[in-house]
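Before any comments, here is the structure.
The values are calculated or read from the model by the stated rules, or taken from the named source; none is laboratory data. Bear in mind the structure is a predicted one, so any value in this text is a computation, not a measurement. Glycine gets a Cβ as well: all are built from the backbone with ideal geometry, and neighbour counts include every protein chain shown. SASA here: full protein model, heavy atoms, side chains in, ligands and nucleic acids out. Shrake-Rupley method; radii C 1.70, N 1.55, O 1.52, S 1.80 Å.
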Amino acid sequence: APGVPPRTTLCPRRAPRLAGDRQVSKQVLTDRAVAAAKADSGRLELWDLRSPGLCLRVTDRGVKTWIYRYRAPDGRQPRFTIGKFPSIGLKDARVRAAELERDVALGGDPAMERRTARIEIKEAPKTFDDLADAYFDACAAGEWKPKGKRKRAAVLEGERQRVQLHVRPVLGSLPFAEITRPQVKALLRGMQAKSIGAQTNLTQAIIRQIYNFAISDDLVQVNPATGFSPFADRLPRSRIWSDSEMRSLWGALDDPSSLVDLNGKPIRVGEGMRIGIKLLLLLGQRRGEIIGMERRELDLEARTWLIDAARTKGGRPHMVPLPPAAVPLIRRAMVLSDFGRDKPSAFVFSTSRKEDGPILPGSVTHAMGRLKEGLGIVGPTVHDLRRTVSTNLTSERCGVSPFIRSKVLGHIDAGGGAMVSAIHYDANTYLVKKRRALEVWSDLLGVITSGAQQMRHGD
């Protein structure tokens with residue numbers, strides 16, 4: 001019947017059952033039950049037996065949303081979002097569900113009608129800012145997948161930052177259909193003049209993608225970011241941090257109070273950020289993975305960190321064993337992240353006391369730049385820390401095999417076998433060997449940063 005979710009039975013209360021990553025419960029909802037609802041993991045769905053089709057959806061972060069599920073005239077079972085709790089209480093949600101039930105009984109399709117209305121009132125983009133917004137919305141919704149798969153949230157966030165920093169100030173207010181190739185090249189030349197070559201090429205790439213999206217929607221015929229070569233040379237980096245540079249950096253991460261910039265002003269880098277940079281050097285993982293670390297990914301008793309597939313470059317979960325030195329650093333970062341909050345942050349490195357979100361990757365690069373300025377170190381970057389860990393792991397000082405090194409870094413390595421087997425048929429995390437590798441590196445890093453005499457591997 002319209003408005004009744006599948007297999008609903010009119011029992012007073014049913015214990016939650018698991019459905020994939022969801023917990024589903026059917027009961028007569030009360031104000032107290034709604035206010036106390038909490039998802040231990042995954043997502044909790046509380047279906048109201050007094051108002052069939054009405055459901056309170058609760059995420060593991062505590063976000064509560066009212067939805068209404070119904071059977072459309074064509075047999076589909078769409079879900080209509082009513083709104084958030086507590087802005088909409090149980091009583092108002094039931095009233096709205098009754099209105100939707102009447103609409104469905106008369107042959108209506110509320111979800112489709114809302115979607116159609118949004119399409120009709122949506123204005124066609126005019127400026128480059130409008131076009132960029134439409135591009136990001138389409139990517140986030142999965143409507144635009146140029147490579148056949150949805151872009152990861154971390155990739156989109158990086159693109160947004162790049163457009164915000166480099167493109168919008170120059171092209172944002174211009175009519176996107178009138179932007180020419182010389183204008184794009186002038187923007188890129190300006191970036192090149194500031195010696196930010198890699199970002200210049202990445203900025204050209206995102207402008208090209210935005211216009212490819214516009215071409216697919218028949219908004220323009222020509223892509224002004226194509227037809228010329230990248231401005232910056234695309235040379236693979238080989239720079240690693242030397243022992244003396246790592247020693248100086250680690251000392252500054254312990255206590256940066258003596259550092260001053262080129263103008264003689266003190267350099268201040270927060271303790272949480274300094275811990276994040278230490279973990280970059282200890283664990284060898286990517287900047288965005290470290291700084292976006294979520295508490296639900298951690299098991300500090302078992303000393304493991306399972307990075308969610310949505311946050312890895314390869315789109316696969318990645319298990320990172322934590323060496324003993326990493327655990328107290330993570331615990332301290334959690335304390336700093338929770339300071340001044342009413343409830344614990346979901347992130348190990350949070351950026352704001354008002355909103356719960358992770359520190360942005362660009363902030364790490366900025367902090368590292370200030371530390372290098374104060375130390376007088378020229379050349380190595382944040383990402384070069386990862387190359388430094390990789391190089392030392394396979395050196396004679398650590399003696400880790402290239403295959404296990406790849407597993408530590410989260411790369412897909414066939415290890416001499418077929419790549420299809422490594423990707424689709426090997427669920428082995430190699431946890432024991434990865435743990436040994438990172439512990440050997442952690443010990444060596446301790447020797448390097450303390451200035452003690454180097455020990456041979458195995459001594």
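A few remarks follow.
- Residue-span extension gain [Asp218 to Val260] - 0.36 nm each, minus C-alpha spacing: 9.8 nm
- Net length gained if the chain between Arg115 and Thr429 were fully extended (0.36 nm per residue, minus Cα distance): 108.7 nm
- Accessible carbon and sulfur surface of the chain relative to its total accessible area, %, 1.4 Å: 53
- Computed over protein heavy atoms with a 1.4 Å probe, the accessible surface of the chain works out to 54 Å² per residue.
- When Rg and the Kirkwood Rh are both derived from Cα coordinates, the Rg/Rh ratio for the range 32-187 amounts to 1.10.
- Taking every alpha-carbon pair within the range 273-348, the share separated by more than 14 Å comes to 59 percent.
- Per-residue packing, averaged as other Cβ atoms within 10 Å, sorts the ranges 198-211, 261-274 into the order 198-211, 261-274, beginning with the highest.
- For the range 324-395 versus the range 227-278, the gap between their alpha-carbon centres in whole angstrom: 12
- Zone residues, the range 247-264, relative to Glu373, backbone N less than 15 Å from point 7 Å out along Cα-to-Cβ: 259-264
- Solution diffusion estimate, µm²/s, Stokes-Einstein, the chain, Kirkwood Rh from C-alpha pairs, 25 °C, viscosity 0.890 mPa s: 95
- Cα convex hull volume per residue for the range 113-218 (Å³): 110
- D (Stokes-Einstein, µm²/s), Kirkwood Cα radius, the range 238-391, 1.306 mPa s at 10 °C: 99
- Working note: Karplus 6.51/-1.76/1.60 with θ = phi - 60° gives the range 308-315 the couplings 4, 4, 5, 9, 9, 5, x, x Hz, where Gly and Pro are set to x.
- Between the beta carbons of Ala105 and Asp74, assuming R0 = 22 Å, the FRET efficiency works out to 0.90 to the nearest 0.05.
- Our estimate of slack between Ala140 and Ala198, defined as 0.36 nm per intervening residue step minus the Cα-Cα distance, is 18.4 nm.
- Accessible-area value, Ser195, 1.4 Å probe, nucleic acids and ligands omitted, Å²: 100
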